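Below is one structure; the comments refer to it alone.
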Amino acid sequence: MDSSLAIAGIGVLGTLAASTLSPLISERSKRREFERARAERLEQAERDELRVRRLELREGYIAFNAAARDYHRALRAWSYAADNGTERAAESVELPQTRQAFQTAYAEAQMIVTAPVLVLAQQIARGLADTWAILKHREDGTHDPATDTTENARLILQEVWEPLRTIRIAMRSDLDLRTDEVELLQRPDRL
């Protein structure tokens, strides 16, 4: 009888333990599931944030590249018009617009681009600003005839061309796009 009493006691204890441990095991399982779901939500949020950041970067790169090239082209046209005395009304309207578009794109780029791209963007901005200053001083009659020449303005624009080409490669690299640097550098660009 002792063994049957012991077996019954073990059975009762097993039943009591199961009813006590079952909610604990269930709670632990639910907690693990909750943590797994939470980790998945965090990973998805990180992927979404990365996708949005990449899209913003891409849009910023497109805006900066287009604005820089437009402004470069407008300054070059202005330098030739200044030499020939053939400035047209369209050019006088277009230049301030392209300048403003470039300044806006550059300001936005300063907030989002990577450091290597920012270094090139600064070189481009400085060269275009120097060209603008020379041509504007010539137009205002406040220029130094020895240094503020349209030839010097075009020389600066020519020097800006290399960072304009190089920045495109850096931007493509940042966006994980195919970047055959040799091919991109050798390809003739036309504004």
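The values are calculated or read from the model by the stated rules, or taken from the named source; none is laboratory data. Just so we're clear, the structure is a prediction, and the values are computed from it rather than from any experiment. Glycine gets a Cβ as well: all are built from the backbone with ideal geometry, and neighbour counts include every protein chain shown. Calculation scope for accessible area: heavy atoms of the full protein, side chains included, ligands and nucleic acids excluded. Shrake-Rupley method; radii C 1.70, N 1.55, O 1.52, S 1.80 Å.
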Q) What is the magnitude of the charge dipole of the chain about its Cα centre, with +1 placed on the Cβ of each Lys and Arg, -1 on the Cβ of each Asp and Glu, and no other charges, expressed in debye to the nearest 20? A) 640
Q: Per DSSP H run of at least 4 residues, take -39500 (n - 2.57); add these up for the chain, divide by its residues and hand me the 222 nm value, nearest 500 deg cm²/dmol.
A: -31500 deg cm²/dmol
Q. Ranked from highest to lowest mean number of other Cβ atoms within 10 Å per residue, what is the order of the peptides 108-115, 24-31?
A. 108-115, 24-31
Q.
Using a 1.4 Å probe on the protein heavy atoms, what percent of the accessible area of the chain belongs to carbon and sulfur?
A. 56
Q: Leaving out ligands and nucleic acids, note down the accessible area per residue over the range 24-123 with a 1.4 angstrom probe, in whole Å².
A: 68
Q) Which residue, chosen from 10, 55, 120, occupies the Cα position most advanced towards the positive end of the dipole of the chain, where the dipole is computed from +1 (Lys, Arg) and -1 (Asp, Glu) charges on Cβ about the Cα centre? A) 10
Q: For the chain, just say rounded, prolate or oblate: build the C-alpha gyration tensor, square-root its eigenvalues into a ≥ b ≥ c, call rounded for a/c under 1.5, and beyond that prolate if a/b exceeds b/c, oblate if not.
A: prolate
Q) Under the definition of Cα pairs under 8 Å and six or more residues apart, what whole-number percent is the relative contact order of the range 1-122? A) 26
